[in-house]
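Contents: one structure, followed by commentary.
What follows draws every value from the coordinates through simple rules; no lab data is involved. Nothing here was measured: the structure is a model prediction, and the numbers come from that model. Note: ideal-geometry Cβ built from the backbone for every residue, glycine included; neighbour counts use all protein chains shown.
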Amino acid sequence: MRSTSDKIFWALLALTALSFFVLIAFVFLRAPTAQLPAGGIAQKIFYFHVPAAYALYVCGTVGFFGAAAYLVRPTEKRDAWARAGVECAVVFGLMVLTSGPLWAKKAWGVYWTWDPRLTTLMLNVLLYGAVMILRAFAGAGDAERRFAAAFTVLGTLLLPVIHYAVKLWGGIHPTVVTQGGGGLQHPDMKMALGLGFLAMTFLAAVLLWWRARLAHAQSRLLAVEEIAAARGLGVAS
Amino acid sequence: MSAQPTTSQDPAARSQQFVPVEGNAETTSAEALLVAAYLVMWALLIAFIGFGWRRQSRVEARLAEIEKAVGASGEARRS
């Protein structure tokens, strides 16, 4: 029989699938094509690109709180949330870093430019990637976890810099929605972006929850393996 | 040294020099870029879920193995 948390998880998963179905249909069938200098039909990448960046912020923030809490008082659950936050942030970061250049090719004429926002975002994803590599290869001892947690806190402190990079240092990254931009000039464009945020919020919640449970299960497994080995049960991995 | 003016109609110029131009229209297909972006995003998500799924399967298999060992050890003590 399934527990209440399992039921909530499956309900959230169903909501995520439904919201993505509605989002894709709306973006491709209803949202109008933008002007050519903005990329024409390639501008529709925007409705996934920006919400993915927002999901990166959400996951990074969850990782930050998990890591900071672990540094204050280490527990398996806190470490699991820190780990989940970083892993999900890397996935959303890679989504942003791959979809952005494909749109930029049409709008700017180049795949990549060392714009402040692009550069700081890439630095952030690389930092989180370093945390993942550290956790994968440096063992699961308390010292390694603390080191990874400290790196996660540092990486997340970069998030506000990414957000305000355009304001701080200029650059060519669009500021359509924020910092005095002209905004989306059609109600369906606004609706599409809203749906994108909603779908990515559900997706981030599902992925975070799943990965935190998995990370927690892995930690518990390690502890059980140690106990079993100490009792001479012959379950060496 | 003075450069001779050339035109794009001059076949020799097309193969002997390249002149940068400003404001050249981007010719990459917007549809192709859009499809590529969506495919890459979905591929990343599916890969992440796939790797996680595999890791979860390994954890479950290992737990079953330990449970079995613990059960066998308990039976051995009772008998």
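Coordinate range of the alpha-carbon atoms in region A:87-237 per principal axis, descending: 68, 31, 24 Å. Just want the answer: with Cβ charges of +1 for Lys and Arg and -1 for Asp and Glu, which residue in B:Ala69, B:Ile46, B:Leu34 is farthest toward the dipole's positive end in region B:30-78? Farthest along the dipole direction, towards plus: B:Ala69. Among the residues of A:208-218, the average count of other protein chain beta-carbon atoms within 10 Å of the residue beta-carbon is 3.
In a simple Cβ point-charge model (Lys, Arg +1; Asp, Glu -1; nothing else charged), region B:30-78 has a dipole of about 340 debye relative to its Cα centre.
Based on the Stokes-Einstein relation at 20 °C and a viscosity of 1.002 mPa s, and on the Kirkwood radius from alpha carbon pairs, the protein assembly as shown is assigned a translational diffusion coefficient of 95 µm²/s. I want to verify the translational diffusion coefficient of region B:30-78 in µm²/s; compute it with Stokes-Einstein, Rh as the Kirkwood radius over Cα pairs, at 37 °C and 0.692 mPa s. Result for D is 235 µm²/s.
Each helix, a run of at least 4 DSSP H residues, gives -39500 (n - 2.57); summed and divided by the residues of the protein assembly as shown, these come to -26000 deg cm²/dmol at 222 nm. The modelled label-to-label distance for the pair A:Leu154/B:Glu31, using points 7 Å beyond Cα in the direction of Cβ, is 4.8 nm. Whole-Hz Karplus values for region A:133-143 come out as 5, 4, 5, 6, 10, 9, x, 10, x, 5, 4 Hz, taken residue by residue from phi with 6.51 cos²θ - 1.76 cosθ + 1.60 and θ = phi - 60°; glycine and proline positions read x.
Residue exposure proxy: A:Glu226, B:Glu65, ordered by other Cβ atoms within 10 angstrom of their Cβ from fewest to most, comes out as A:Glu226, B:Glu65.
Relative to the Cα centre, the charge distribution of chain A, modelled as +1 at Lys and Arg Cβ and -1 at Asp and Glu Cβ, gives a dipole magnitude of about 260 debye. Sites listed here are trypsin sites (Lys or Arg not before Pro) in region A:1-84 whose DSSP assignment is loop and whose Cβ has at most 13 other Cβ atoms within 10 Å: A:Arg2, A:Arg30. Taking a straight Cα-Cα cut-off under 22 Å and skipping sequence neighbours fewer than 8 places away in the same chain, the lysines within cross-link reach of A:Lys77 are A:Lys7.
What's the extension gain from A:Lys77 to A:Gln185 if we count 0.36 nm per residue and subtract their Cα-Cα distance?
34.4 nm
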